[in-house]
1. If I filter region 481-498 for residues that are in contact (Cβ under 8 Å) with a residue 40 or more places away in the chain, assigned to a strand (DSSP E or B) and farther than 17 Å from V416 by Cα, do I get at least one hit?
2. Across region 206-218, which residue is nearest to I160 (Cα to Cα) among those that are surrounded by 23 or more Cβ atoms within 10 Å (Cβ to Cβ) and touching a helix residue (DSSP H, G or I) at 6+ places or on another chain (Cβ under 6 Å)?
3. Name the residues in region 335-373 that are surrounded by 21 or more Cβ atoms within 10 Å (Cβ to Cβ) and among the polar types (S, T, N, Q), would you?
4. Checking the condition under 24 Å from F210 (Cα atoms), of a type outside the set (V, I, T) and crowded, with 21+ Cβ neighbours inside 10 Å, which residue from L394, L299, L332 passes?
5. Taking region 380-391, which residues are in contact with a Ser or Thr (Cβ under 9 Å, 6 or more places away or on another chain) and under 14 Å from T362 (Cα atoms)?
6. What residue, among those in region 113-143 that are of a type in the set (D, E, K, R) and part of a helix (DSSP H, G or I), is modelled with the lowest pLDDT?
7. So, in region 2-19, exactly how many residues are within 21 Å of D152 (Cβ to Cβ) and hydrophobic (A, V, I, L, M, F, W, C)?
8. For residues that are touching a Phe, Trp or Tyr at 6+ places or on another chain (Cβ under 9 Å) and touching a residue at least 40 places away in the same chain (Cβ under 8 Å), tally how many sit in region 362-380.
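The values are calculated or read from the model by the stated rules, or taken from the named source; none is laboratory data. Everything numeric here is computed off the predicted structure, so don't read it as measured data. Here the Cβ positions follow ideal geometry from the backbone for every residue, glycine too, while neighbour counts run over all protein chains shown.
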Amino acid sequence: MLPIDSLYRGRQINPDGIALEDDTTQLTYRELVERVEALGAALQTRFPTPQAKIGACGFNNLQHVIGILATQLAGHIWVAVNPRSGKAENTALMNLVEPDMMFADDAARDAFDIGDTPLVIAGPDGRTSADDSIDGLIDAFRGKRPVRHLLDPNTDLQAIKFTGGSTGLPKAVMQPYRTGVTLIGTVLSVFRMNADDVQVAAAPVSHAAFILMLPIFAAGGRNIVLPTPDPDRILHAFEKRDASTIFMPPTMIYKTMAEPDVAARKFPKLRHLIYGAAPMPPEKVRQAQEVFPHALETLYGQTEASSVCTTMNSAELEMDENNGSVGRATPLMRVEIKDPDGNILPPGEQGEVVVRGGLTMTGYYKNPKATAEAFKDGWLHTGDGGVIDERGYLFLKDRLRDVIISGGFNVYPGDVEGALVRHPDVYECVVFGAEDDHWGERVEAAVQLRDGATASPADIIAHAKEQLGSVKAPKNIHLVADLPRSAVGKVLRREVRERFSTPKN
(Lines give C-alpha, C1' and ligand atoms only; values in the text may rest on other atoms or scores of the structure.)
Protein backbone atom coordinates (compact mmCIF):
# COMPACT_ATOMS: atom_id res chain seq x y z
CA MET A 1 0.00 0.00 0.00
CA LEU A 2 1.02 3.60 -0.72
CA PRO A 3 -0.63 6.77 0.62
CA ILE A 4 -2.47 7.41 -2.66
CA ASP A 5 -4.40 4.16 -2.13
CA SER A 6 -6.43 6.05 0.48
CA LEU A 7 -8.15 7.87 -2.39
CA TYR A 8 -9.13 4.60 -4.03
CA ARG A 9 -10.40 3.25 -0.73
CA GLY A 10 -12.62 6.32 -0.42
CA ARG A 11 -14.00 5.65 -3.90
CA GLN A 12 -14.87 2.11 -2.89
CA ILE A 13 -16.66 3.29 0.25
CA ASN A 14 -18.44 6.33 -1.17
CA PRO A 15 -18.08 6.47 -4.99
CA ASP A 16 -20.80 9.08 -5.59
CA GLY A 17 -20.18 11.01 -2.39
CA ILE A 18 -18.38 14.36 -2.41
CA ALA A 19 -14.64 13.88 -1.96
CA LEU A 20 -13.34 17.40 -2.53
CA GLU A 21 -14.94 20.81 -2.83
CA ASP A 22 -14.27 24.52 -2.71
CA ASP A 23 -16.73 27.42 -2.66
CA THR A 24 -17.97 26.77 -6.21
CA THR A 25 -17.15 23.18 -7.26
CA GLN A 26 -17.83 19.75 -5.82
CA LEU A 27 -16.07 16.60 -7.04
CA THR A 28 -17.33 13.11 -6.25
CA TYR A 29 -14.83 10.34 -5.59
CA ARG A 30 -15.40 9.06 -9.13
CA GLU A 31 -14.74 12.50 -10.61
CA LEU A 32 -11.72 13.20 -8.43
CA VAL A 33 -10.06 9.87 -9.22
CA GLU A 34 -10.68 10.45 -12.93
CA ARG A 35 -8.94 13.84 -12.80
CA VAL A 36 -6.06 12.60 -10.68
CA GLU A 37 -5.49 9.62 -13.00
CA ALA A 38 -5.53 11.85 -16.09
CA LEU A 39 -2.99 14.25 -14.64
CA GLY A 40 -0.88 11.34 -13.36
CA ALA A 41 -0.82 9.89 -16.87
CA ALA A 42 0.27 13.28 -18.23
CA LEU A 43 3.09 13.42 -15.70
CA GLN A 44 4.29 9.95 -16.65
CA THR A 45 4.35 10.98 -20.30
CA ARG A 46 6.82 13.69 -19.40
CA PHE A 47 8.65 11.68 -16.72
CA PRO A 48 8.23 7.93 -17.31
CA THR A 49 10.83 6.99 -14.70
CA PRO A 50 9.51 7.26 -11.13
CA GLN A 51 10.82 9.63 -8.46
CA ALA A 52 10.99 12.79 -10.55
CA LYS A 53 10.81 15.86 -8.29
CA ILE A 54 7.59 17.82 -8.93
CA GLY A 55 7.33 21.13 -7.09
CA ALA A 56 3.94 22.52 -6.10
CA CYS A 57 3.69 26.19 -5.18
CA GLY A 58 0.13 27.32 -4.67
CA PHE A 59 -2.58 28.54 -2.38
CA ASN A 60 -5.56 26.50 -1.25
CA ASN A 61 -7.50 25.41 -4.33
CA LEU A 62 -8.70 22.23 -6.00
CA GLN A 63 -6.00 22.22 -8.70
CA HIS A 64 -3.27 22.36 -6.06
CA VAL A 65 -4.69 19.30 -4.29
CA ILE A 66 -5.17 17.41 -7.58
CA GLY A 67 -1.59 18.23 -8.56
CA ILE A 68 -0.23 16.76 -5.31
CA LEU A 69 -2.37 13.62 -5.61
CA ALA A 70 -1.39 13.09 -9.25
CA THR A 71 2.29 13.49 -8.40
CA GLN A 72 2.03 10.73 -5.83
CA LEU A 73 -0.07 8.48 -8.10
CA ALA A 74 2.55 8.83 -10.85
CA GLY A 75 5.24 7.66 -8.43
CA HIS A 76 6.97 11.02 -8.28
CA ILE A 77 8.12 13.19 -5.38
CA TRP A 78 6.01 16.12 -4.20
CA VAL A 79 8.22 19.12 -3.36
CA ALA A 80 6.09 21.39 -1.17
CA VAL A 81 6.81 25.08 -1.77
CA ASN A 82 4.87 27.68 0.21
CA PRO A 83 4.12 30.85 -1.80
CA ARG A 84 4.01 32.85 1.45
CA SER A 85 7.63 32.08 2.29
CA GLY A 86 9.11 34.77 0.05
CA LYS A 87 10.94 34.71 -3.26
CA ALA A 88 14.52 34.67 -1.93
CA GLU A 89 13.90 31.71 0.39
CA ASN A 90 11.87 29.70 -2.13
CA THR A 91 14.43 30.26 -4.89
CA ALA A 92 17.23 29.08 -2.58
CA LEU A 93 15.23 25.96 -1.77
CA MET A 94 14.58 25.28 -5.44
CA ASN A 95 18.28 25.68 -6.19
CA LEU A 96 18.94 23.06 -3.52
CA VAL A 97 16.33 20.50 -4.61
CA GLU A 98 16.33 21.26 -8.37
CA PRO A 99 12.77 20.14 -9.20
CA ASP A 100 12.18 18.58 -12.60
CA MET A 101 8.90 20.49 -13.02
CA MET A 102 6.75 22.97 -11.10
CA PHE A 103 3.03 23.28 -10.60
CA ALA A 104 2.19 26.82 -9.54
CA ASP A 105 -0.80 29.10 -9.20
CA ASP A 106 -0.68 32.10 -11.45
CA ALA A 107 -0.81 34.21 -8.28
CA ALA A 108 2.29 32.39 -6.99
CA ARG A 109 4.52 33.00 -10.00
CA ASP A 110 6.40 35.74 -8.17
CA ALA A 111 7.08 33.50 -5.14
CA PHE A 112 10.16 31.89 -6.77
CA ASP A 113 12.58 32.26 -9.67
CA ILE A 114 11.54 29.56 -12.11
CA GLY A 115 14.74 29.60 -14.20
CA ASP A 116 14.66 26.84 -16.83
CA THR A 117 12.34 24.57 -14.84
CA PRO A 118 9.20 23.57 -16.82
CA LEU A 119 6.11 25.28 -15.38
CA VAL A 120 2.50 24.10 -15.37
CA ILE A 121 -0.10 26.60 -14.14
CA ALA A 122 -2.66 25.29 -11.68
CA GLY A 123 -5.56 27.23 -13.18
CA PRO A 124 -6.40 29.09 -16.40
CA ASP A 125 -4.78 32.53 -16.46
CA GLY A 126 -5.21 33.77 -20.01
CA ARG A 127 -1.46 33.65 -20.58
CA THR A 128 -0.84 29.91 -20.61
CA SER A 129 -1.68 27.31 -23.26
CA ALA A 130 -3.90 24.40 -22.33
CA ASP A 131 -0.89 22.07 -22.57
CA ASP A 132 0.75 24.00 -19.75
CA SER A 133 -2.15 24.09 -17.30
CA ILE A 134 -3.47 21.42 -14.97
CA ASP A 135 -6.98 21.63 -16.39
CA GLY A 136 -5.63 21.44 -19.93
CA LEU A 137 -3.57 18.36 -19.18
CA ILE A 138 -6.53 16.69 -17.48
CA ASP A 139 -8.71 17.32 -20.55
CA ALA A 140 -5.98 16.02 -22.89
CA PHE A 141 -5.43 12.81 -20.93
CA ARG A 142 -8.96 12.17 -19.65
CA GLY A 143 -9.71 8.44 -19.51
CA LYS A 144 -6.05 7.44 -19.27
CA ARG A 145 -4.41 5.94 -16.21
CA PRO A 146 -0.80 6.03 -15.10
CA VAL A 147 1.29 2.92 -14.51
CA ARG A 148 1.43 1.95 -10.83
CA HIS A 149 5.13 1.59 -10.13
CA LEU A 150 6.34 -0.87 -7.50
CA LEU A 151 7.96 1.50 -5.00
CA ASP A 152 9.73 0.77 -1.74
CA PRO A 153 7.84 2.44 1.12
CA ASN A 154 11.01 2.63 3.22
CA THR A 155 13.37 4.22 0.72
CA ASP A 156 11.40 5.81 -2.11
CA LEU A 157 10.16 9.32 -1.36
CA GLN A 158 6.61 10.62 -1.34
CA ALA A 159 7.64 14.20 -0.52
CA ILE A 160 10.39 16.68 0.18
CA LYS A 161 9.19 19.29 2.64
CA PHE A 162 10.96 22.12 4.35
CA THR A 163 11.48 22.88 8.02
CA GLY A 164 10.19 26.11 9.50
CA GLY A 165 13.45 28.00 9.12
CA SER A 166 13.42 29.52 12.63
CA THR A 167 17.23 29.23 12.77
CA GLY A 168 18.07 30.14 9.17
CA LEU A 169 17.33 28.70 5.73
CA PRO A 170 14.97 25.70 6.08
CA LYS A 171 16.39 22.24 5.56
CA ALA A 172 14.82 19.87 3.02
CA VAL A 173 13.21 16.91 4.80
CA MET A 174 12.94 13.64 2.88
CA GLN A 175 9.71 11.81 3.73
CA PRO A 176 9.47 8.23 2.44
CA TYR A 177 6.15 6.60 1.57
CA ARG A 178 6.41 4.80 4.92
CA THR A 179 5.72 8.07 6.75
CA GLY A 180 2.57 8.71 4.74
CA VAL A 181 1.16 5.25 5.33
CA THR A 182 1.96 5.46 9.04
CA LEU A 183 0.37 8.89 9.30
CA ILE A 184 -2.87 7.79 7.64
CA GLY A 185 -3.21 4.77 9.90
CA THR A 186 -2.35 6.81 12.97
CA VAL A 187 -4.88 9.58 12.32
CA LEU A 188 -7.63 7.06 11.55
CA SER A 189 -6.96 5.12 14.73
CA VAL A 190 -6.50 7.93 17.24
CA PHE A 191 -9.16 10.34 15.94
CA ARG A 192 -11.55 7.63 14.65
CA MET A 193 -12.37 9.26 11.32
CA ASN A 194 -15.35 7.90 9.34
CA ALA A 195 -17.38 8.61 6.20
CA ASP A 196 -19.40 11.31 7.97
CA ASP A 197 -16.31 13.41 8.70
CA VAL A 198 -15.89 16.65 6.81
CA GLN A 199 -12.49 18.32 7.00
CA VAL A 200 -12.02 22.04 6.47
CA ALA A 201 -8.62 22.73 4.90
CA ALA A 202 -8.05 26.25 6.22
CA ALA A 203 -4.34 25.95 7.02
CA PRO A 204 -2.09 25.74 3.92
CA VAL A 205 -2.58 22.61 1.83
CA SER A 206 1.20 22.68 1.33
CA HIS A 207 1.61 22.03 5.05
CA ALA A 208 -0.72 21.06 7.88
CA ALA A 209 -4.07 20.73 6.06
CA PHE A 210 -2.79 17.85 3.94
CA ILE A 211 -2.05 15.83 7.10
CA LEU A 212 -5.78 15.20 7.54
CA MET A 213 -6.77 15.09 3.87
CA LEU A 214 -5.63 11.56 3.04
CA PRO A 215 -7.10 10.01 6.21
CA ILE A 216 -10.42 11.67 5.37
CA PHE A 217 -10.23 10.17 1.86
CA ALA A 218 -9.43 6.76 3.35
CA ALA A 219 -12.60 6.95 5.44
CA GLY A 220 -14.78 8.06 2.51
CA GLY A 221 -15.31 11.54 4.00
CA ARG A 222 -15.28 15.00 2.47
CA ASN A 223 -12.56 17.67 2.24
CA ILE A 224 -13.48 21.34 1.93
CA VAL A 225 -10.71 23.59 0.63
CA LEU A 226 -10.97 27.19 1.86
CA PRO A 227 -9.10 29.73 -0.28
CA THR A 228 -8.27 31.87 2.76
CA PRO A 229 -8.41 31.17 6.52
CA ASP A 230 -10.86 33.96 7.31
CA PRO A 231 -12.45 33.43 10.74
CA ASP A 232 -15.96 34.07 9.45
CA ARG A 233 -15.43 31.64 6.57
CA ILE A 234 -14.21 28.99 9.02
CA LEU A 235 -17.17 29.51 11.37
CA HIS A 236 -19.57 29.36 8.42
CA ALA A 237 -18.10 25.96 7.49
CA PHE A 238 -18.67 24.79 11.08
CA GLU A 239 -22.27 26.01 11.04
CA LYS A 240 -23.53 25.47 7.50
CA ARG A 241 -21.25 22.95 5.77
CA ASP A 242 -21.33 20.12 8.35
CA ALA A 243 -17.64 20.51 9.18
CA SER A 244 -16.46 18.05 11.79
CA THR A 245 -12.69 18.33 11.50
CA ILE A 246 -10.06 21.03 11.13
CA PHE A 247 -6.41 21.63 11.91
CA MET A 248 -5.52 25.13 13.08
CA PRO A 249 -2.37 26.59 14.62
CA PRO A 250 -3.08 28.49 17.85
CA THR A 251 -2.94 31.91 16.21
CA MET A 252 -5.74 30.92 13.81
CA ILE A 253 -7.83 29.66 16.75
CA TYR A 254 -7.32 32.95 18.61
CA LYS A 255 -8.49 34.97 15.61
CA THR A 256 -11.54 32.74 15.18
CA MET A 257 -12.45 33.03 18.87
CA ALA A 258 -12.15 36.82 18.59
CA GLU A 259 -15.04 37.05 16.11
CA PRO A 260 -17.66 39.35 17.75
CA ASP A 261 -20.59 36.94 17.53
CA VAL A 262 -18.73 33.66 18.11
CA ALA A 263 -20.45 32.98 21.45
CA ALA A 264 -23.87 33.02 19.80
CA ARG A 265 -22.98 30.62 16.99
CA LYS A 266 -23.56 26.86 17.07
CA PHE A 267 -21.29 24.13 15.71
CA PRO A 268 -23.35 20.93 15.82
CA LYS A 269 -20.98 18.63 13.89
CA LEU A 270 -17.58 19.91 15.07
CA ARG A 271 -15.71 17.20 16.99
CA HIS A 272 -12.06 17.50 15.91
CA LEU A 273 -10.61 20.98 16.29
CA ILE A 274 -6.98 19.89 16.29
CA TYR A 275 -4.22 22.32 17.15
CA GLY A 276 -0.47 21.97 16.77
CA ALA A 277 2.62 23.64 15.26
CA ALA A 278 3.00 25.75 18.43
CA PRO A 279 2.04 25.43 22.10
CA MET A 280 -1.17 26.88 23.49
CA PRO A 281 -1.11 28.26 27.06
CA PRO A 282 -3.50 26.46 29.45
CA GLU A 283 -5.67 29.58 29.78
CA LYS A 284 -6.15 29.73 26.01
CA VAL A 285 -6.98 26.01 25.98
CA ARG A 286 -9.81 26.59 28.45
CA GLN A 287 -11.11 29.57 26.45
CA ALA A 288 -11.15 27.49 23.26
CA GLN A 289 -12.96 24.66 25.02
CA GLU A 290 -15.69 27.08 26.10
CA VAL A 291 -16.17 28.36 22.56
CA PHE A 292 -15.87 24.94 20.89
CA PRO A 293 -17.23 22.42 23.45
CA HIS A 294 -15.89 18.86 23.37
CA ALA A 295 -13.91 19.48 20.18
CA LEU A 296 -10.44 20.78 21.04
CA GLU A 297 -7.68 18.20 20.47
CA THR A 298 -3.95 18.38 19.97
CA LEU A 299 -1.02 16.71 18.29
CA TYR A 300 2.75 17.06 18.36
CA GLY A 301 5.47 16.28 15.88
CA GLN A 302 7.78 17.92 13.40
CA THR A 303 8.27 17.99 9.65
CA GLU A 304 11.01 15.46 10.38
CA ALA A 305 8.47 13.20 12.11
CA SER A 306 5.18 13.86 10.29
CA SER A 307 3.35 15.75 13.03
CA VAL A 308 1.52 12.99 14.93
CA CYS A 309 4.14 11.56 17.31
CA THR A 310 1.76 12.31 20.20
CA THR A 311 -1.95 13.12 20.25
CA MET A 312 -4.68 13.86 22.75
CA ASN A 313 -8.42 13.70 22.14
CA SER A 314 -10.97 16.15 23.48
CA ALA A 315 -12.00 14.07 26.49
CA GLU A 316 -8.39 13.73 27.65
CA LEU A 317 -7.69 17.42 27.10
CA GLU A 318 -10.65 18.40 29.27
CA MET A 319 -8.98 16.73 32.26
CA ASP A 320 -7.25 19.35 34.42
CA GLU A 321 -4.12 17.26 34.84
CA ASN A 322 -3.65 17.14 31.06
CA ASN A 323 -3.97 20.85 30.31
CA GLY A 324 -0.58 21.87 28.98
CA SER A 325 0.27 18.40 27.66
CA VAL A 326 0.53 17.43 23.99
CA GLY A 327 -0.68 13.90 24.67
CA ARG A 328 0.75 10.41 24.64
CA ALA A 329 2.79 8.58 22.00
CA THR A 330 0.74 7.35 19.06
CA PRO A 331 0.53 3.58 18.38
CA LEU A 332 3.39 3.36 15.87
CA MET A 333 5.82 5.75 17.57
CA ARG A 334 8.05 5.60 20.60
CA VAL A 335 8.64 8.88 22.45
CA GLU A 336 11.21 9.25 25.23
CA ILE A 337 13.21 11.88 27.12
CA LYS A 338 17.02 11.76 27.02
CA ASP A 339 19.71 13.56 28.95
CA PRO A 340 22.74 15.19 27.22
CA ASP A 341 24.69 11.92 27.53
CA GLY A 342 22.05 9.98 25.59
CA ASN A 343 20.47 8.18 28.54
CA ILE A 344 16.70 7.64 28.57
CA LEU A 345 15.31 9.41 31.61
CA PRO A 346 12.60 8.08 33.95
CA PRO A 347 9.16 9.72 34.19
CA GLY A 348 9.18 13.20 35.65
CA GLU A 349 12.74 14.10 34.66
CA GLN A 350 13.36 16.82 32.10
CA GLY A 351 15.50 16.49 29.00
CA GLU A 352 15.29 16.36 25.20
CA VAL A 353 12.34 14.76 23.42
CA VAL A 354 13.50 11.93 21.12
CA VAL A 355 11.35 9.78 18.85
CA ARG A 356 11.61 6.71 16.65
CA GLY A 357 9.13 4.80 14.52
CA GLY A 358 7.28 4.85 11.23
CA LEU A 359 6.84 8.63 11.02
CA THR A 360 10.49 9.64 10.94
CA MET A 361 12.19 11.06 7.86
CA THR A 362 15.05 9.34 6.05
CA GLY A 363 17.18 12.46 6.39
CA TYR A 364 17.84 15.95 5.05
CA TYR A 365 18.27 16.24 1.29
CA LYS A 366 21.94 16.75 0.33
CA ASN A 367 22.84 17.39 3.97
CA PRO A 368 24.45 14.31 5.54
CA LYS A 369 25.99 16.35 8.33
CA ALA A 370 22.64 17.66 9.54
CA THR A 371 21.15 14.17 9.16
CA ALA A 372 23.88 12.68 11.36
CA GLU A 373 23.27 15.38 13.96
CA ALA A 374 19.53 14.69 13.98
CA PHE A 375 19.77 10.88 14.29
CA LYS A 376 21.77 9.34 17.12
CA ASP A 377 21.58 5.62 17.89
CA GLY A 378 18.42 5.36 15.78
CA TRP A 379 16.61 8.13 17.66
CA LEU A 380 15.49 11.37 16.02
CA HIS A 381 16.45 14.23 18.33
CA THR A 382 13.75 16.89 18.17
CA GLY A 383 15.58 19.74 19.90
CA ASP A 384 12.53 20.19 22.14
CA GLY A 385 12.77 20.05 25.91
CA GLY A 386 10.12 18.06 27.71
CA VAL A 387 8.92 15.85 30.53
CA ILE A 388 6.88 12.63 30.35
CA ASP A 389 4.79 11.89 33.42
CA GLU A 390 4.01 8.49 34.94
CA ARG A 391 0.94 8.15 32.71
CA GLY A 392 2.92 8.71 29.52
CA TYR A 393 1.75 12.27 28.82
CA LEU A 394 4.33 14.58 27.26
CA PHE A 395 4.69 18.17 28.50
CA LEU A 396 6.92 20.34 26.32
CA LYS A 397 9.37 22.78 27.85
CA ASP A 398 10.36 24.89 24.84
CA ARG A 399 13.10 24.42 22.29
CA LEU A 400 16.32 23.62 24.12
CA ARG A 401 18.11 26.54 22.50
CA ASP A 402 15.33 28.91 23.64
CA VAL A 403 15.79 28.27 27.36
CA ILE A 404 16.82 31.51 29.08
CA ILE A 405 19.51 31.18 31.76
CA SER A 406 19.12 34.24 33.93
CA GLY A 407 21.27 34.56 37.05
CA GLY A 408 21.86 30.80 37.00
CA PHE A 409 18.15 29.96 36.83
CA ASN A 410 16.55 28.20 33.85
CA VAL A 411 13.56 30.20 32.63
CA TYR A 412 11.31 28.54 30.07
CA PRO A 413 9.60 31.02 27.72
CA GLY A 414 6.41 28.93 27.62
CA ASP A 415 5.99 29.23 31.39
CA VAL A 416 6.32 33.00 31.23
CA GLU A 417 4.02 33.27 28.19
CA GLY A 418 1.40 31.25 30.04
CA ALA A 419 1.47 33.76 32.90
CA LEU A 420 1.39 36.81 30.62
CA VAL A 421 -1.71 35.71 28.71
CA ARG A 422 -3.58 35.47 32.01
CA HIS A 423 -3.54 39.27 32.02
CA PRO A 424 -6.94 40.28 30.63
CA ASP A 425 -5.42 42.79 28.19
CA VAL A 426 -2.87 40.42 26.62
CA TYR A 427 -3.92 38.83 23.32
CA GLU A 428 -0.66 37.02 22.44
CA CYS A 429 3.00 37.26 23.37
CA VAL A 430 6.43 35.79 22.81
CA VAL A 431 9.15 35.65 25.47
CA PHE A 432 12.88 35.63 24.69
CA GLY A 433 16.27 36.15 26.30
CA ALA A 434 18.43 39.24 25.82
CA GLU A 435 22.10 39.60 26.74
CA ASP A 436 22.73 41.20 30.09
CA ASP A 437 26.07 41.99 31.78
CA HIS A 438 24.70 41.27 35.25
CA TRP A 439 22.29 38.33 34.71
CA GLY A 440 23.92 36.78 31.65
CA GLU A 441 20.49 36.85 30.04
CA ARG A 442 17.38 38.73 31.06
CA VAL A 443 13.79 37.89 30.28
CA GLU A 444 11.97 40.14 27.81
CA ALA A 445 8.64 39.86 26.01
CA ALA A 446 6.92 41.24 22.95
CA VAL A 447 3.22 41.62 23.68
CA GLN A 448 0.23 42.16 21.41
CA LEU A 449 -2.72 43.61 23.33
CA ARG A 450 -6.38 42.92 22.70
CA ASP A 451 -8.23 45.48 20.61
CA GLY A 452 -9.00 48.51 22.75
CA ALA A 453 -6.80 47.37 25.66
CA THR A 454 -4.73 49.99 27.50
CA ALA A 455 -2.35 48.04 29.77
CA SER A 456 1.13 49.56 30.06
CA PRO A 457 4.42 47.63 30.13
CA ALA A 458 4.63 48.37 33.87
CA ASP A 459 1.15 46.87 34.41
CA ILE A 460 2.12 43.68 32.60
CA ILE A 461 5.44 43.34 34.44
CA ALA A 462 3.68 43.79 37.79
CA HIS A 463 1.18 41.09 36.79
CA ALA A 464 4.02 38.73 35.83
CA LYS A 465 5.80 39.29 39.15
CA GLU A 466 2.64 38.36 41.00
CA GLN A 467 2.34 35.18 38.93
CA LEU A 468 5.98 34.10 38.69
CA GLY A 469 8.19 36.11 41.04
CA SER A 470 10.86 38.59 40.04
CA VAL A 471 13.39 36.15 38.53
CA LYS A 472 11.09 34.86 35.77
CA ALA A 473 9.13 38.09 35.24
CA PRO A 474 10.16 40.04 32.11
CA LYS A 475 12.45 43.00 32.70
CA ASN A 476 11.20 44.71 29.53
CA ILE A 477 7.89 44.57 27.68
CA HIS A 478 7.67 45.61 24.03
CA LEU A 479 4.11 46.47 22.97
CA VAL A 480 3.50 45.68 19.29
CA ALA A 481 0.59 45.91 16.87
CA ASP A 482 1.32 42.39 15.59
CA LEU A 483 3.98 39.75 16.06
CA PRO A 484 6.20 38.52 13.21
CA ARG A 485 4.98 35.20 11.86
CA SER A 486 6.08 32.49 9.47
CA ALA A 487 4.27 31.65 6.25
CA VAL A 488 2.10 29.17 8.19
CA GLY A 489 1.22 31.57 11.02
CA LYS A 490 3.75 30.56 13.69
CA VAL A 491 5.26 33.38 15.72
CA LEU A 492 8.98 33.58 14.89
CA ARG A 493 10.83 33.75 18.19
CA ARG A 494 14.19 34.33 16.50
CA GLU A 495 12.88 37.34 14.58
CA VAL A 496 11.25 38.68 17.72
CA ARG A 497 14.56 38.38 19.56
CA GLU A 498 16.46 40.12 16.76
CA ARG A 499 13.91 42.89 16.45
CA PHE A 500 13.25 43.68 20.07
CA SER A 501 16.39 42.78 22.01
CA THR A 502 17.69 45.92 23.73
CA PRO A 503 21.39 46.68 24.31
CA LYS A 504 23.18 45.15 27.28
CA ASN A 505 22.94 46.99 30.61
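1. yes
2. The residue in question is L214.
3. T360
4. L299
5. Listed by number, the list holds a single entry, L380.
6. D131
7. Qualifying residue count, region 2-19: 3.
8. 3
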